[in-house]
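Note sheet for the following structure.
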Amino acid sequence: MDAIDVIVPVHKGLEATRRCLDSVLAAQSTTPGETVVVDDATPEPEIRSLLDELAAAGRITLLRNELNLGFVRSVNRGMALHADRDVVLLNSDTEVAGDWLDRIRRCVYARDDIGTATPFSNNATICSYPFYGWTGGVPGTLGLAALDRMFATTNAGKSVDLPTGVGSCLYIRRACLDQVGMFDAERFGRGYGEENDFCLRALAAGWRSVLAGDVFVYHEGAVSFADERAHRADSAHEALLKVHPDYMHRVRAFVAGDSIRPLRAAIDAVRVAHGGTEAASVLAERADECSRVKARLTEVEALAEERETAIAALRGALARAESFVAASKPEFENLRTEIGKLRAGLSHAETLALERQAELHRIRASFMGKLLSPWLRKK
């Protein structure tokens, strides 16, 4: 079995980075993996020391950027290290468990046309569990390892097609990467949107992106590059829509279809069967989801009401304009008639002026002839 490069770009967040690398190095996968850490010129000496120690011990392969290149260029550097290997992109604030790498690889190779796979996570937008928009940590009381085992057994071998992968943990098949090309560093150099652009380019080339339903990865969220997050997200979204104007339509259709719900519901059922605090956690999560949906519905209703008010105002303005035009139509007709008369008069005046000008030329010629006639006879 070919080795897989697990690529972890690092900039800030010592403790999150330590937990991430510890979890990757402790994972019990049979798939051979090489942990490739890209130090994007970290400003934290403690992170630099940690990475140096792990590299010296032969536990990681360390690539170090002398200057801060940004997330996308750092990832591209990691993906270019071994041109014959599949890669997994892993944020430095994630944590994995068990044989996660075996399972996500099996998901990708279940079909010849699967190019990328994204696992479930507590913080992975459309691939989040317990629900889309969840902002908490690892759900429930069982902990990451036990929850991941639950996903592994309950949803074994199950996947769902996605409109895009999610970059916090993204498996990319090398054949797909070779055909589609690296991430677009010129357009998304500082990060956000690059994996969406890649997945949509891959889709256009015939590659699918799927959810690996039997893997759960913890993601803290925006640690390593947190200080740039808001600005980067906004500018990247604008850049993404320029090249993929149908992106939001695809995502909204996916969320509305809720094809992931059966996989989420299966995990809920097993957790409820545990009873006690775990069952109570599921009920609390669902109550939270309902509360969020109601709040969002209220927002949508308020927005709809505002738009109806605006539409009514526009309709009123249009009606007044139409009424004014209708009332003013006789005046406009009279003006049009008068303008016609004035134009006809102007044309007649111009004709008279031309005739008089011609007559003036004849008179002038006759006068000059008479004036010069005696002089010409003398000659």
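Some points to look at:
- Antiparallel beta bridges, as assigned by DSSP with both residues in the chain, represent about 35 percent of the total such bridges.
- Counting only protein heavy atoms and a probe of 1.4 Å, the accessible surface of region 50-190 is 48% carbon and sulfur.
- Taking each DSSP H run with n ≥ 4 as -39500 (n - 2.57) and averaging over every residue of the chain yields -19500 deg cm²/dmol at 222 nm.
- Computed magnitude of the charge dipole of region 86-175 (debye, nearest 20; Cβ of K, R +1, Cβ of D, E -1): 160 debye
- Three-way shape call for region 147-229 based on the alpha-carbon gyration tensor, with the a/c threshold at 1.5: oblate
- Inter-part distance where region 268-284 and region 153-228 are each reduced to a Cα centre, Å: 30 Å
- Mean accessible surface per residue for the chain, computed with a 1.4 Å probe while every protein chain stays in place, in Å²: 53 Å²
- Counting only DSSP beta bridges with both residues in region 13-171, the antiparallel share comes to about 45 percent.
- Remark: the chain carries a charge dipole of roughly 3040 debye about the Cα centre, counting +1 on each Lys and Arg Cβ and -1 on each Asp and Glu Cβ.
- Total charge dipole magnitude, region 105-228, about the Cα centre, Cβ charges on Lys, Arg, Asp, Glu only, Debye to nearest 20: 460 debye
- When only Cα pairs below 8 angstrom with a gap of at least 6 residues are kept, the chain shows a relative contact order of 17 percent.
The values are calculated or read from the model by the stated rules, or taken from the named source; none is laboratory data. Note that the structure is predicted; figures quoted are calculated from it, not measured. All Cβ positions, even for glycine, are placed from backbone atoms using ideal geometry, and neighbour counts span all protein chains on display. These accessible areas exclude ligands, DNA and RNA; they are computed on the full protein's heavy atoms, side chains included. Shrake-Rupley method; radii C 1.70, N 1.55, O 1.52, S 1.80 Å.
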